[in-house]
């Protein structure tokens with residue numbers, strides 16, 4: 001069994017099997033996050049495609065040790081999902097075309113249970129940390145991170161004064177970082 | 001003069017892309033000259049990926065796998081150090097289409113990453129950017145109406161890219177310090193130039209009257225000045241710019257800024273306000 005970093009190196013060398021293996025490990029993570037952020041199945045599917053296309057294109061640039069592969073993939077997912085969310089808010093008539101399906105189907109593989117469990121465990125820890133935040137702070141973090149809202153947009157949506165939003169969000173993020181620093185592999 | 005506390009305070013929100021537009025612009029312009037903020041920013045990607053991991057995973061539809069892999073492997077892969085042809089901006093076509101990375105996004109990405117990563121990472125960035133440029137030419141036409149969203153994307157990409165860049169030997173990048181003269185006497189500037197491109201920032205240039213803009217020039221040894229683009233100054237008199245340069249230029253001997261009509265000129269028409277060699 002290869003670890004994620006080894007898979008990414010194989011992807012950088014052009015291995016589509018390695019990309020398939022990485023998909024099997026992390027697609028659920030990407031899809032779940034994308035669906036939560038965009039709120040739409042079809043947009044979430046597009047995000048999954050965007051993320052793995054980007055992994056394929058940029059695998060050579062992934063530097064082992066600077067970020068975990070799961071962390072990298074998750075950040076790509078959030079970025080793409082926020083893009084779609086904001087694009088759809090600006091252009092509700094926009095309908096993303098379905099990607100062409102012109103390559104032979106690849107054999108589906110079972111995800112490596114150890115690796116999937118690791119992501120799931122990290123997820124559990126973060127959810128516990130989030131749950132430990134006061135409601136007022138956690139809701140702002142969620143609006144900023146999953147909702148892609150800015151300070152002013154959060155203030156507009158919640159009715160909380162702008163200055164309070166800024167202070168409270170900052171406090172929440174610092175608390176989150178403190179707590180996460182003790183539980184997750186640190187990103188240097 | 002703003003105290004630094006104000007910038008310290010917005011680092012977390014910037015990392016999550018929660019700053020309003022004017023806050024964000026002011027912070028990014030500050031970031032160019034502030035290594036403390038650049039370092040502070042690197043403390044935050046763990047929070048961003050952590051929050052991503054906190055979302056519930058969900059199994060996508062089974063047929064998504066083959067569609068995803070098929071589309072992905074059909075695309076060219078970027079490789080560090082791959083030689084590329086001179087850049088031509090992708091044509092932007094408005095109309096319903098899947099939002100794609102645009103040429104302007106690549107430049108904004110270059111500018112954003114340099115703002116945050118500094119000289120050592122810049123050299124790696126230029127090599128990466130040129131490989132990415134070759135990808136962009138093969139992709140679908142840009143989506144003009146989404147330009148503003150795409151610029152925001154590029155900034156987020158930059159934050160991620162900073163964390164995945166390896167510090168490399170910047171042997172072929174030279175630094176040029178620029179000094180002001182004439183109407184630009186109070187200004188200073190700095191440019192980082194390699195055979196592939198230039199990154200430039202300045203402070204203290206005066207705001208210009210309507211219809212005029214600043215233009216950056218690189219002057220190769222024994223040749224005419226080559227334009228590196230036009231730029232404006234922000235409310236604090238700062239500015240920054242990143243541009244790829246055409247291939248095949250002789251070693252750059254000097255860098256200068258002149259004032260030109262809006263849209264720039266083919267060659268400098270005024271005496272440089274800022275220059276260095």
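For the pair residue A:63 and residue A:42, what calculated FRET efficiency results from E = 1/(1 + (r/R0)^6), where r is the Cβ-Cβ distance and R0 = 25 Å, to the nearest 0.05? Mind showing how you got there, number by number?
Numbers: r = 33 Å, r/R0 = 1.33.
Efficiency, from the Cβ-Cβ distance: 0.15.
Between residue A:17 and residue B:177, how many nm apart are label points set 7 Å from Cα along the C-beta direction?
5.7
Simple spin-label model, 7 Å along Cα-to-Cβ: residue A:5 to residue B:6 in nm?
Simple spin-label model gives 4.2 nm for this pair.
For peptide B:9-17, what's the mean number of Cβ atoms from other chains within 10 Å of each residue's Cβ? The partial results should precede the final answer.
Values: counts 3, 4, 3, 10, 8, 0, 2, 9, 8.
Shielding by partners across B:9-17 averages 5.
Report the gain in length on full extension from residue B:223 to residue B:39: 0.36 nm times residue separation, minus Cα-Cα distance, nm rounded to one decimal. Don't skip to the end; give the middle numbers.
Numbers: separation 184, 0.36 × 184 = 66.24 nm, distance 3.93 nm.
In short, 62.3 nm is gained.
In nanometres, what is the gap between the two model label sites at residue B:270 and residue B:59, each 7 Å from Cα along Cα-to-Cβ?
Once both label points are built, they end up 6.6 nm from each other.
Would you order B:63, B:20 from fewest to most other beta-carbon atoms within 10 Å of each residue's own beta-carbon? Please report the intermediate quantities before stating the final value.
Working: B:63 11, B:20 17.
With the fewest neighbours first, B:63, B:20 line up as B:63, B:20.
Sort A:32-40, A:156-164 by packing, meaning the average of other beta carbons within 10 Å per residue, with the highest value first.
Result, highest mean Cβ count within 10 Å first: A:32-40, A:156-164.
Between residue B:251 and residue B:234, what is 0.36 nm times their sequence separation minus the Cα-Cα distance? Round to one decimal in nm. All intermediate terms of the calculation are to be shown ahead of the outcome.
Values: separation 17, 0.36 × 17 = 6.12 nm, distance 3.07 nm.
Separation in residues times 0.36 nm, less the Cα-Cα distance, equals 3.1 nm.
Computed from the coordinates by the stated procedures, all read-outs in this text should not be read as laboratory data. Everything numeric in this text was worked out from a predicted model, so none of it was measured. Neighbour counts run over all protein chains shown; Cβ positions are idealised from the backbone, glycine included.
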